[in-house]
Amino acid sequence: MLTSTSGEQHRRPNNEPPPEAQQTIEFDWSGRLSLDTIRQHSKTDDVPGVTDEQLRLYRASAIEACERYTGLLLSGQRTVVEPVQGPASARPGKLTYRYRLQYPVADGIVYLYGSPDPADNRAFRVLPGSRSIDVPIRKDYINLSNCCDPCATWHLNGGMMIAYKAGYACVDDVPAGIVLGCLQYIAWVIEHPGDELMTQRNRIEARSVGVDGSNNVAWVSGALETWRIYDPEAF
């Protein structure tokens, strides 16, 4: 139920997440990962050929790459909405099913909504930082699909959605190792703009044939190994 300024109460649509979940904070990385820090790390303090515009692009690319590899949300804190449709049936004796979220839950509160019955729309708690959660079965527990129809489908919590906060509370809460990995990523891109055939020099001697290395910037720069310790499910 929503209460207006006049005191009137209005029912919130079933397919709309709770208003307390709809908050977005965008991070400004210019302080946490400043251009001065990037230039000091990459030794380009007095190199006019490396412009600030380039470094901003490399910084944005490094943050995006880290999000992809770790599953963390680094661009800010926002409400993520996902369909939470479960399997066709529950395990014996279980009133929940396992579901993997797109991002870890920031504050440990997950909103489940989308059922025609308001009693099914509720919030439940998980451990902060969880990405694989147990979703309570609120509807469609009994299979009422047409058994004679080979195309009939039935899923637990069919049509329901979840909303949760993802991302750190502020940019200063981002672990130092995440920032270090971004610096490694950026330094490699500065030194290897893509005009060399040899993508990784791991031998002193020169060879006339073949290419030894990788074009994966996150791997060859060492950033991937720095980032992966912040993904508990990577081990």
Some residue of region 120-130 being modelled with pLDDT of 90 or more, over 23 Å from the mean Cα position of the chain (by Cα) and either open to solvent by less than 70 Å² (accessible area, probe 1.4 Å) or among the hydrophobic types (A, V, I, L, M, F, W, C) (or both): no
Single residue of region 1-47 satisfying the filter (at pLDDT below 60 and of a type in the set (Val, Ile, Thr)) that is nearest to ASP107 (Cα to Cα): THR3
Close pairs from region 35-61: first closer than 14 Å to HIS192 by Cα, partner open to solvent by 50 Å² or more (accessible area, probe 1.4 Å), Cβ under 9 Å, at least 6 apart: SER42/GLU191
Unique residue being more than 14 Å from ARG131 (Cα to Cα) and buried (at least 18 other Cβ atoms within 10 Å of the Cβ) when the list is ARG59, ARG91: ARG59
In region 24-56, residue farthest from SER75 (Cα to Cα) [restricted to those that are open to solvent by 100 Å² or more (accessible area, probe 1.4 Å) and in a helix (DSSP H, G or I)]: GLN40
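For (1) over 30 Å from ALA62 (Cα atoms); (2) modelled with pLDDT under 90; (3) not in a loop (DSSP other than H, G, I, E, B), each residue gets a yes or a no:
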residue: VAL80; (1), (2), (3): no, no, yes
residue: TYR99; (1), (2), (3): no, no, yes
residue: VAL110; (1), (2), (3): no, no, yes
residue: VAL135; (1), (2), (3): yes, no, yes
residue: ARG138; (1), (2), (3): yes, yes, no
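The values are calculated or read from the model by the stated rules, or taken from the named source; none is laboratory data. Treat the numbers as computed from the prediction; the structure is a model and nothing was measured. Note: ideal-geometry Cβ built from the backbone for every residue, glycine included; neighbour counts use all protein chains shown. Just the protein is used for accessible areas: all its heavy atoms, side chains included, with ligands, DNA and RNA removed. Shrake-Rupley method; radii C 1.70, N 1.55, O 1.52, S 1.80 Å.
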